[in-house]
Amino acid sequence: MKKEIQNHLDSIKKFNSDKVDKLDDFKIKYLGRKGIVNDLFSKFKEVPDTQKKEVGLKINELKDLVQNKYDDLLNKIGSNQDNLSSEDISKPGFPIKSGSLHPITIIKNKVIDIFSQVGFDLSDGPEIEDDWHNFTALNLPKDHPARDMQDTFFIQTNPDILLRTHTSSVQVRYMENNSPPINIISPGRVYRNEAISARSHCLFHQVEGIVVDENISFADLKQMVLYFTKAMFGKSKLRFRPSFFPFTEPSAEVDIYWGLESESDYRLTKGTGWLEIMGCGMVDPKVLENCNIDPEKYSGYAFGLGIERIAMLIYEIPDIRLFFENDIRFLEQFKS
Ligand code: DAH
């Protein structure tokens, strides 16, 4: 196998072309799904243990060589083009860089994936909400002090209209229009009038989840949270801390045990090893009633989590503002 790799290395070094389609063929031949590199990796099992390290390094060298060769030749073609004299100056620059998904989108898709696998549907609602769906129906009447927890942007000309402060408003909309069994998540943008700092931003993203049916209990909620944390973070040591949300009773905040293995774990968890990741609870019967669902017959649980928070944990991003600056040096790091 070493000989085979060496032969490939030699022919890659010799390869040359100034035709883009030839370059593409070259790259696909080595790096394509059914290409030589994948083939070598699949044969890697048969390499004796004593040689695994050396052969592994060689295959990676081959992979890098192909990519570098491809980039170099492509750049050469680009710079040889006499752009100025070419007739169409509105043509895009060359070579064209491919973009990548925003980290928030990547994490949002992952969350959707995880919950879809156990039967959750997606639902969404408007970002410009009314007082009823954002607050009152969720057991937060006008004079309720808990409204202070979510500093709100109101639409100046109409105090009844606001930018939603959480995706919990979608629970209300969904329950008003559907009867149990209910099983949805709702990802989306939310707005709060918060000081912009490394940890808070006026616009951010949440995912709301709600399940309503007969005989839904706190045990169901715990099991779902456990399923999610395992799938998302690969972690299953959890702690449910009693908390308060007007729309759930009882309410809890969930911490996961992140560990204390590195300096960044210490910093992230403030030396405790624990990290808060979501709020949740049993849907308050009053909320069910507000949405015309009989609380004698049905019960449910709900949860809400912040997408930025999860992305910051997973990618070790220290400052929430990075998500919103559109700095290409930051975004480029999330190419898959
Ligand atoms: N809406 C809460 C917030 O924005 C998050 C939340 C907490 C949602 C508990 C829930 C829940 O559904 O049960 O802070």
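No lab work stands behind these numbers, since they all come straight from the coordinates. For clarity, every value in this text was computed on a predicted model and none was experimentally measured. Quick reminder, even Gly has a Cβ in these numbers, built from the backbone with ideal geometry, and neighbours come from all protein chains shown.
Working ranking of peptides 158-171, 206-219, 60-73 by packing, defined as the average number of other Cβ atoms within 10 Å per residue, highest first, is 158-171, 206-219, 60-73. Backbone phi angles across segment 59-73, fed through the Karplus curve with coefficients 6.51, -1.76 and 1.60 (θ = phi - 60°), yield HN-Hα couplings of 4, 5, 4, 4, 4, 5, 4, 4, 4, 5, 4, 4, 4, 4, 5 Hz in residue order; Gly and Pro are listed as x.
Going by the alpha-carbon gyration tensor, a ≥ b ≥ c the square roots of its eigenvalues, is segment 103-334 rounded (a/c under 1.5) or, if a/c is not under 1.5, prolate (a/b greater than b/c) versus oblate? Oblate, since a/c reaches 1.5 and b/c is not below a/b. Karplus-based coupling profile of segment 315-331, in residue order and whole Hz: 9, 6, 9, x, 9, 5, 5, 4, 5, 10, 8, 6, 7, 4, 5, 6, 5, with θ = phi - 60° in 6.51 cos²θ - 1.76 cosθ + 1.60 and x standing for Gly or Pro. Ordering of 250-257, 144-151 by packing is 250-257, 144-151, highest average first (other Cβ atoms within 10 Å, averaged per residue).
Loop-resident GluC sites (Glu not before Pro) (DSSP state other than H, G, I, E or B) in segment 69-156 with no more than 11 further Cβ atoms inside 10 Å of their Cβ: E87. Oblate is the label for segment 183-268, because a/c, from the alpha-carbon gyration tensor with a ≥ b ≥ c as root eigenvalues, is 1.5 or above and a/b does not exceed b/c. What shape does segment 1-48 have by the C-alpha gyration tensor, where a ≥ b ≥ c are the square roots of the eigenvalues, rounded means a/c under 1.5, and otherwise prolate means a/b greater than b/c and oblate the rest? Oblate shape, in that a/c is at least 1.5 and b/c is the bigger or equal ratio. Only DSSP H runs of four or more residues enter the estimate; each adds -39500 (n - 2.57), and after division by the residues of the chain the mean residue ellipticity at 222 nm equals -12000 deg cm²/dmol.
Dipole size in debye (nearest 20) for the chain around its Cα centre, Lys and Arg Cβ +1, Asp and Glu Cβ -1? Spell out each step's value before the answer.
Numbers: 43 positive and 51 negative charges, 371 e Å.
Charge dipole of the chain: 1780 debye, to the nearest 20.
The 3J(HN,Hα) values that the Karplus relation (6.51, -1.76, 1.60; θ = phi - 60°) gives for segment 301-311 are, in residue order, 10, 9, 8, x, 9, x, 6, 4, 4, 5, 5 Hz. Gly and Pro appear as x.
Centre-to-centre, using Cα atoms only, segment 266-336 and segment 144-183 are separated by 17 Å.
For D88 and M149 in one chain, what is 0.36 nm times their gap in residues minus the Cα-Cα distance, to one decimal in nm? Walk me through the numbers before you get to the answer.
Details: separation 61, 0.36 × 61 = 21.96 nm, distance 5.61 nm.
Between D88 and M149, full extension yields 16.3 nm more.
Charging the Cβ of each Asp and Glu at -1 and of each Lys and Arg at +1, and nothing else, the dipole of segment 115-183 about its Cα centre rounds to 140 debye.
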